[in-house]
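The values are calculated or read from the model by the stated rules, or taken from the named source; none is laboratory data. Quick caveat, the model's predicted, so the values are computed rather than measured. Because the Cβ atoms are built from the backbone with ideal geometry, glycine has one as well, and the counts that use them run over all protein chains shown. Ligands, DNA and RNA are stripped out before the accessible areas are found, and what is left, the full protein with its side chains, is counted by its heavy atoms. Shrake-Rupley method; radii C 1.70, N 1.55, O 1.52, S 1.80 Å.
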Amino acid sequence: SLLVDVSNSMAYGRGPLNKYEYACTLAASLAYLILRQQDAVGCVAFDEKVRRTVPIRSRINHLQSIITALDASAPRDKT
């Protein structure tokens, strides 16, 4: 499984991408490569606790599930 930090500190950065966006791009790219070689991949987005979990699967259409989970896990203020 891929682990992606989605804590507040990941919102840092200027320019075209911040740390969170770089991490998501890297995770999605790795997931794509893993799935293309017909291996299984999953993803966990976390900050102080687990925010999203995408189970391990090996179908190429599973990539969209990973991207959607990462998109929904953007860094947020602590409550």
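Values computed for the structure shown
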quantity: Any hit, region 19-29, residues being in contact with a helix residue (DSSP H, G or I) (Cβ under 7 Å, 6 or more places away or on another chain), without any contact (Cβ under 8 Å) to a residue 12 or more places away in the chain and open to solvent by 60 Å² or more (accessible area, probe 1.4 Å); calculated: yes
quantity: Criterion (open to solvent by less than 90 Å² (accessible area, probe 1.4 Å) and at pLDDT 95 or above) met by exactly one of GLY15, GLY42; calculated: GLY42
quantity: Output for region 1-38, where each listed residue is touching a Lys or Arg at 6+ places or on another chain (Cβ under 8 Å), among the β-branched types (Val, Ile, Thr) and part of a helix (DSSP H, G or I); calculated: none
quantity: Complete set of residues in region 39-65 that are of a type outside the set (S, T, N, Q), part of a strand (DSSP E or B) and out of contact with any Cys (no Cβ under 7 Å at 6 or more places or on another chain); calculated: VAL41, GLY42, CYS43, VAL44, ALA45, PHE46, VAL50, ARG51, ARG52, PRO55, ILE56, ARG57
quantity: Some residue of region 59-74 being within 14 Å of the chain's Cα centre (by Cα) and open to solvent by 90 Å² or more (accessible area, probe 1.4 Å); calculated: yes
quantity: Unique match (being touching a residue at least 24 places away in the same chain (Cβ under 8 Å) and not small (Gly, Ala, Ser)) among ARG57, ARG36; calculated: ARG36
quantity: Residues of region 39-53 that turn out to be over 22 Å from ASN18 (Cβ atoms) and without any contact (Cβ under 8 Å) to a residue 40 or more places away in the chain, as a count; calculated: 3
quantity: Selected residue (criterion: surrounded by the fewest Cβ atoms within 10 Å (Cβ to Cβ)) from residues of region 45-58 that are under 14 Å from PRO75 (Cα atoms) and not charged (D, E, K, R); calculated: VAL50
